[in-house]
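Since every read-out is calculated from the coordinates, none of them should be taken as a lab result. Please read all numbers here as calculations on a predicted model, not as lab measurements. Every residue, glycine among them, receives a Cβ derived from its backbone with ideal geometry; neighbour counts consider all protein chains shown.
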Amino acid sequence: PPGPLLQNPTIGLCFLLSLYGAVTQKTKTSCAKCPPNASCVNNTHCTCDHGYTSGSGQKLFTFPLETCNDINECIPPYSVYCGFNAVCHNVEGSFYCQCVPGYRLHSGNEQFSNSNENTCQDTTSSKTTQGRKELQKIVDKFESLLTNQTLWRTEGKQEISSTATIILRDVESKVLETALKAPEQKVLKIQNDSVAIETQVITDNCSEERKTFNLNVQMNSMDIRCNDIIQGDTQGPSAIAFISYSSFGNIINATFFEEMDKKDQVYLNSQVVSAAIGPKRNVSLSKSVTLTFQHVKMNPSTKKVFCVYWKSTGQGSQWSRDGCFLIHMNKSHTMCNCSHLSSFAVLMALTSQEEDPVLTIITYVGLSVSLLCLLLAALTFLLCKAIQNTSTSLHLQLSLCLFLAHLLFLVGIDRTEPKVLCSIIAGALHYLYLAAFTWMLLEGVHLFLTARNLTVVNYSSINRLMKWIMFPVGYGVPAVTVAISAASWPHLYGTADRCWLHLDQGFMWSFLGPVCAIFSANLVLFILVFWILKRKLSSLNSEVSTIQNTRMLAFKATAQLFILGCTWCLGLLQVGPAAQVMAYLFTIINSLQGFFIFLVYCLLSQQVQKQYQKWFREIVKSKSESETYTLSSKMGPDSKPSEVMKRKY
């Protein structure tokens, strides 16, 4: 109680002293609970030190489990501005700015933190300025050579490779010579649209024994050990040059790679890069360099990849894999190891799929059977006068197109040389198969109109319209399609292993697009025909002839599923576990399409059967008369008919 305390000063003094000690102890305890990189404020709260921020974002906090994290001043939202020609580097609790190569502070310091008081200035060394000018001259000269079409067009392949080798070596030598003239400029970078160059000069004789230099130009990089650059030379500076050529690969392309399989479509999928060291031009290394290339085209990992270098031989130069090995590849980059220095690139091959011998046999046997059946069917449609009508004309044109397409496929699909002939074969196959599918579409339309005729009284006008449009559509539409394709992409007819259409630039869709549209339309017409027949069958009376005709039409409509190309949809189902089964079904059914045409339109037709019987009787009669005449001539003119018959039998 306050009363006794005020009445007794000694007791009051002791109380105040104890209260002060308790408060002091409490304050010390609060400061002791601040996390690392934090300080006490007013003996009651904690705050993070400069260069750190609390996890909760609060400036003052008392929560004992709060943390103080480093602030990266070099990224948003802080983004410290170091001024022109300088870059920001973050460190724990702070940051610093550093001038880019070729620039320095007026004070001579390498680092600074206040851009208002420090400005990176271009070095005033006349040697450095002259070095950059020399590099620019080298770049400009190379660009003029690259764009000199006369130089490259008038030379043969061997002369082109030799000229390219001379240019590559000349650029490397001049770049190294320029870098060594200005050793105080440790890093030099320059580029234009055609070439990019980076050089680094070593003057400390590799103070760090295992130090590795990394050079980057145009998204390509190289890692090389310092000891391989100086090569034990301690008398003067050494230099490494890394050069990337943007479009030089169009000249020294994949045609200079002679180790490839002729069936593989090989192409250059990186920029050409060169690496050289000086003053000693030793190309052998104690440890392989690592080269990383950015792809020109993004590619899946299923293709063959070759790490190659430009190798000089007695008969010119060519790409070679000797001493270069693939380390890793993804869709955007390829990483290679090479045991020497030279000019490098990445080659890729579109590998041809391995053929299934069973599918090949099925294809050739099926197409051979179809050829025989199509020939017999075409002769039947031409010679059998009793069945000639609009429907027969459609069958005849479809048979002729398929016969020619299959025949050309069997004899010409593998004739890849000469290339001009292969392109012509590919174009002809493109047209013939498109024409065949167009006639399949016309067959589907005619079948639908025939089924519809069961419920429509007047059909003659539709039949006349069909006769008028079928030839312009059947042969004209495919001709226009192929003409546009050939005029737009003539180089995409014929591949390295087949005289067919290239997969590049989606060119295959000039065939697959119309085919998919046609068999989809025929599938719809097929369903409509069945729907019409179902309605007709349900409303028929007991008239036998009508029932028989409708049932025959239903059977033929079912067989049309194979004739109209609807089974080509099996090609779209060749994915997943059932891919192999679908491949066999697709090959068997579609290679026998000619057999189905002969079966449905000839063997199962009553009119054709009667005509076949008539022809057979005439052949037998003609043969019998021929034999009788032969025997009669042998017996002599005076022989009686009875004697002739006795001799015959």
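For this structure, a couple of remarks:
- Relative packing of 508-519, 559-570, which averages over residues the other C-beta atoms within 10 Å, highest first: 559-570, 508-519
- For the stretch 367-430, trypsin sites (Lys or Arg not before Pro) are listed when DSSP marks them as loop and at most 12 other Cβ atoms sit within 10 Å of their Cβ; the list is empty.
- At an R0 of 41 angstrom, the distance between the Cβ atoms of L408 and L326 translates into a FRET efficiency of 0.50.
- F63-V480 FRET efficiency (beta carbon distance; Förster radius 56 Å; 0.05 resolution): 0.10
- Burial order of peptide ranges 494-507, 585-598, 395-408 (average beta-carbon count within 10 Å, highest first): 395-408, 585-598, 494-507
- Packing, as the average of other Cβ atoms within 10 Å across residues, places the peptides 158-169, 193-204, 474-485 in the order 193-204, 158-169, 474-485, highest first.
- Computed log₁₀ I(q)/I(0) - Debye formula, equal Cα scatterers, no solvent, the stretch 127-350, q 0.09, 0.14 Å⁻¹: -0.35, -0.86
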